[in-house]
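Let me begin by presenting the structure, written as structure tokens, before commenting on it.
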Amino acid sequence: MPFYVTTPIYYVNAAPHLGHAYTAIAADVLARHHRQCGEDVFFLTGTDEHGEPVALAAEQLGIPPLELADRNAQRFRDLMPLLDVSNDYFIRTTDPHHVAEVQRILTAVRENGYVYEGTYEGWYCPRCADFKTDAEIGPDNTCPIHKIPLVREKEENHFFALSAFQEQLERLFDERPDFVMPRHRYNEARAFLAGGLQDVSLTRPKLRWGVEVPWDRSQVFYVWFDALLNYVTALSFARGKQQDLTQRFWPATYHIIGKDILKFHTIYWPALLLAAGLEVPRHVFVHGFLLTPHEGGEVEKMSKSRGNVIDPVAVVEEFGADALRFYLAREVAFGQDGPVSEAGFVTRYETELANDYGNLASRTIAMINRYRGGRIDAVELDPELAPDFEGLEARVSAKLHDAEITQALEEIWKRVRRLNRYVEERAPWQLAKEDAKAAELDRTLASLHEGLRVVTVLLVPYLPRAAEKLLAALGRAGETDLAEARYVGGREIAVDALEPLFPKR
């Protein structure tokens, strides 16, 4: 089955920050793993360039919205290779192909009878670009996400008949309990649905920065409907208009999103697809917020609007992309909220990357070079390690197929720690002192080599550069398929020198 994974498309009203890196890296881990499984993978990311937040940010800078979009879209595009994110396409919603597809699909929604004219009045957050329901309004009539006063808006516009899909969405949630993941996010979306759906604005008459409504040129489409459709529209032109990938990859396997946009992706989006006659995605995985810790134990959401962000570019320039990828996958359980900090990053880097993994790799290769001239013989592996690796690739794969990125990494890291204990238990430096223990030394070094190779294959989605270097040093360059992640041995192999993977700082 093809595997299609998407990130949300990122607003271009400001430069990228760590939260954007978090989502992109998570989606990349899944994409790389499914490629390891031999699956046909398509990975989409990009930028959301219309709507009021972009128009307001451009106005404050005294430049046209498209100029701001061009500037910041390039920053997001440049961030992907910096993070070693292996996306297959980068969509911009100002792309004329996307605009044309949005107009075509939403015209079809109207022709199917789900659009009508009306008057809307309600509380609106310009940063969310969202009209809030009574249940979503914070204290003193504020946005609970951005902590700013809401604005009372009254507009004549076109409505999407969201309420018409109440029963169909209830049936979707009942029949597919893994449609929204993890479970507590499913419950949140189901609770919103249980509150009863109300029709929502499809168009905006006061804003000019958006996709023009083809049947009413005085209005533009509400940015969320324009943005959500990118997941479908990109497939129609990502490989050129001559190669439409929609039949090959739709419906999406996973939309990876943050919890602040849950309502749009788990309620509005499937309803819109049903209205257009399209299949709904298989899964929407909702991750939590990265939080900034403060003295006294308080935490707050990391966001560009609050000015408390960590610059992912600066982290990568000092420590490398693999270190950032590892930290974000490791520090906060994927799907939960959790604090991140520069101090926490340094601790993970030193204790786990440099010590646990980097030192294990350096010691293993150094001992093979020192005691066996850089060669491993085709000897039987130590059966004591076998139970630790039996079925490991299947367990890791099962977790990653459920988007349990942090949990899968912990499964791998348990074996990294086990291999370090094995070194201390077997003490190859002691075995090397006695000729009578030559066979035992051969078996110990071969078992260390094989165990290190297996965990490195499994770490390819998380640490693509370090894994590539280490596999080459282990004499197994390019052998990254999941089927290679088995503790079997039985090969004579020459190892090479290895520079420290994660140098101490």
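A few notes on this one:
- Matching entry among VAL180, VAL220 (being of a type outside the set (Phe, Trp, Tyr), modelled with pLDDT of 95 or more and surrounded by fewer than 23 Cβ atoms within 10 Å (Cβ to Cβ)): VAL220
- Looking across segment 354-397, the residues that are out of contact with any Cys (no Cβ under 9 Å at 6 or more places or on another chain) and among the hydroxyl-bearing types (Ser, Thr, Tyr) come down to TYR357, SER362, THR364, TYR371.
- Unmet criterion (only one of (1) of a type outside the set (Ser, Thr, Tyr); (2) buried (at least 19 other Cβ atoms within 10 Å of the Cβ); (3) modelled with pLDDT of 95 or more; (4) in contact with a helix residue (DSSP H, G or I) (Cβ under 9 Å, 6 or more places away or on another chain)) for PRO214: (2)
- Failed item in (1) under 21 Å from the mean Cα position of the chain (by Cα); (2) more than 30 Å from VAL5 (Cβ to Cβ), with ASP377 passing the rest: (1)
- Residue in segment 193-208 that is touching a Pro at 6+ places or on another chain (Cβ under 6 Å) and small (Gly, Ala, Ser) present: no
- Scan of segment 234-250 for residues that are among the β-branched types (Val, Ile, Thr) and buried (at least 23 other Cβ atoms within 10 Å of the Cβ), ordered by number: none
- Within segment 58-71, the presence of at least one residue that is modelled with pLDDT of 95 or more, assigned to a helix (DSSP H, G or I) and touching an Asp or Glu at 6+ places or on another chain (Cβ under 6 Å) is confirmed.
- Filtered residue count, segment 344-374, keeping only those that are more than 33 Å from the chain's Cα centre (by Cα), surrounded by fewer than 18 Cβ atoms within 10 Å (Cβ to Cβ) and hydrophobic (A, V, I, L, M, F, W, C): 1
- Scan segment 86-123 for residues that are assigned to a helix (DSSP H, G or I) and either crowded, with 17+ Cβ neighbours inside 10 Å or under 33 Å from the mean Cα position of the chain (by Cα) (or both) and the total you get is 15.
- Within segment 408-442, the set of residues being in contact with an Asp or Glu (Cβ under 8 Å, 6 or more places away or on another chain), among the aliphatic types (A, V, I, L, M) and farther than 15 Å from LEU353 by Cα comprises just one member, LEU431.
- Residue-level analysis places VAL423 outside the set of residues that are in contact with a Ser or Thr (Cβ under 6 Å, 6 or more places away or on another chain) and among the β-branched types (Val, Ile, Thr).
- Count of segment 155-186 residues, restricted to those that are within 23 Å of TYR114 (Cβ to Cβ) and in contact (Cβ under 8 Å) with a residue 12 or more places away in the chain, is 19.
- Criterion (among the polar types (S, T, N, Q), touching a Leu at 6+ places or on another chain (Cβ under 7 Å) and closer than 29 Å to ASP88 by Cβ) met by exactly one of THR233, THR246: THR246
- Filter result for VAL151 (in contact with a Phe, Trp or Tyr (Cβ under 6 Å, 6 or more places away or on another chain) and touching a residue at least 24 places away in the same chain (Cβ under 8 Å)): yes
- Residues of segment 10-46 classified as in a helix (DSSP H, G or I) and touching a strand residue (DSSP E or B) at 6+ places or on another chain (Cβ under 8 Å), total: 13
The values are calculated or read from the model by the stated rules, or taken from the named source; none is laboratory data. Source: prediction; values computed, not measured. Glycine also receives a Cβ, built like all others from the backbone with ideal geometry; neighbour counts cover every protein chain displayed.
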